[in-house]
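Working notes, structure below.
The values are calculated or read from the model by the stated rules, or taken from the named source; none is laboratory data. Predicted model, so just to flag it, every value in this text is computed and none were measured. As a convention, Cβ positions derive from the backbone with ideal geometry for all residues, glycine included, and neighbour counts pool all protein chains shown. With ligands, DNA and RNA removed, areas are computed over all heavy atoms of the protein, side chains included. Shrake-Rupley method; radii C 1.70, N 1.55, O 1.52, S 1.80 Å.
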Amino acid sequence: MEDKKALAERLKKLIIESLQIEDIAPGDIKDDDPLFGNGLGLDSIDALELVVALEKEFGIVIADEEVGKKIFVSINTLTDFVAKERKM
Amino acid sequence: MDFDFTGKAALVTGGSRGIGRAISLALAARGAYVIINYASDDDAAEKTVSDITGAGGKAVAVKADVADTAAIEEMFGRIRKDPGRLDILINNAGIIRDKLLMFMGPDDWDRVIAVNLTGVYNTAKSASRLMIGQKYGKIVNIVSPSAIVGRAGQTNYAAAKGGVIAFTKSLARELARFSIWVNAVSPGIIQTEMLDGITEQMKESFLTAVPMKRFGTPDEVTGAVLFLASERSNYITGQILCVDGGLT
């Protein structure tokens, strides 16, 4: 299983690719940057795409919006969650 | 103008009889693989599937009550495996339990809301997960003039279908950016077996409210559904297309 740094890089790529964010490279996203609002500028509907992408990539089903709010705070929170909950 | 759904997978709820059957046949005749959901009538579902496959089309029947969240999740589990995608969802399943409000029991209210409104929540929720992953989907909800102009004896049905109209408009806004379209078709009084059981006098009284002075045909409803399920309607979402001869 990949280490935390590699997983964080993979998640950054996943966010950029699944949300088709232009002009941003994985290296431009800091691990503690907020993903929503002022950070990457994502909104709650963008999160739907991430929920589906996490299910596809890691077999993680997020059915509760409150859980989503906690894990999509930053790359750090997302990485910790995926490392703990991943099924594949 | 005709439509081509070759390679597309479509789920039609309540797809074995009446308007749902006509929609299933029409989609299959234009190349779609049709998953026919039905609640109770095994013979009708089997007949619709065999009519489709007999004509060279592809279809399968899946029995599940749309009001049963667990059963619908299980049905979608099967769809995820085969055919592995869902391009078109037609929410057609519906029931009526007409009574004047004074005489409408809680069961009449709850069951009509459960099938007509919660059923749409159940299928659209599971479908949207699949469709967001695909970045493609067409959802068409079948509603009713009762939800638009009201009808005495149908407060439960009108409330449910009115809910579906509001649901359609809100979900359209949630899913538009993922190339998922959500629209509704509102059929007026349509010549199906439901009309066979009523008297000529009742038919006459229905027709007084219809400016075109005739009932619609199932084909006229499917035409609108196919349009909203096709690429021809790609700049239309959150809308209600009334196929009712001017009734509303």
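What to note about this one:
- Some residue of the range B:73-82 being open to solvent by less than 50 Å² (accessible area, probe 1.4 Å) and assigned to a loop (DSSP other than H, G, I, E, B): no
- When residue B:125 is tested against the conditions (1) basic (Lys, Arg); (2) loosely packed, with under 14 Cβ neighbours inside 10 Å; (3) modelled with pLDDT of 95 or more, the lone failure is (2).
- In the range B:230-240 there is at least one residue matching the filter, namely being aromatic (Phe, Trp, Tyr) and in a loop (DSSP other than H, G, I, E, B).
- Looking across B:178, B:215, one residue alone is without any contact (Cβ under 8 Å) to a residue 60 or more places away in the chain and open to solvent by less than 20 Å² (accessible area, probe 1.4 Å). It is B:178.
- All helices (runs of 4 or more DSSP H) inside the range B:97-205 with 2 or more residues being within 14 Å of chain A (Cβ to nearest Cβ): B:119-134, B:155-175
- Looking at B:43, B:4, just one residue is in a loop (DSSP other than H, G, I, E, B) and not β-branched (Val, Ile, Thr), and that residue is B:4.
- On the stretch given as the range B:1-36, residues that are crowded, with 24+ Cβ neighbours inside 10 Å and basic (Lys, Arg) total 1.
- Residue match in the range B:166-186 (condition: modelled with pLDDT of 95 or more and more than 29 Å from residue A:45 (Cα to Cα)): no
- Here residue A:51 meets each of (1) of a type in the set (A, V, I, L, M, F, W, C); (2) within 14 Å of chain B (Cβ to nearest Cβ); (3) free of Cβ contacts under 8 Å to residues at least 12 places away in the same chain with one exception, condition (3).
- Selection of the range B:67-92 for residues being in contact with a strand residue (DSSP E or B) (Cβ under 7 Å, 6 or more places away or on another chain) and of a type in the set (A, V, I, L, M, F, W, C) yields B:75, B:79, B:86, B:88, B:89, B:90.
- Only residues that are among the aromatic types (Phe, Trp, Tyr) and surrounded by fewer than 20 Cβ atoms within 10 Å (Cβ to Cβ) were counted in the range B:181-197, giving 0.
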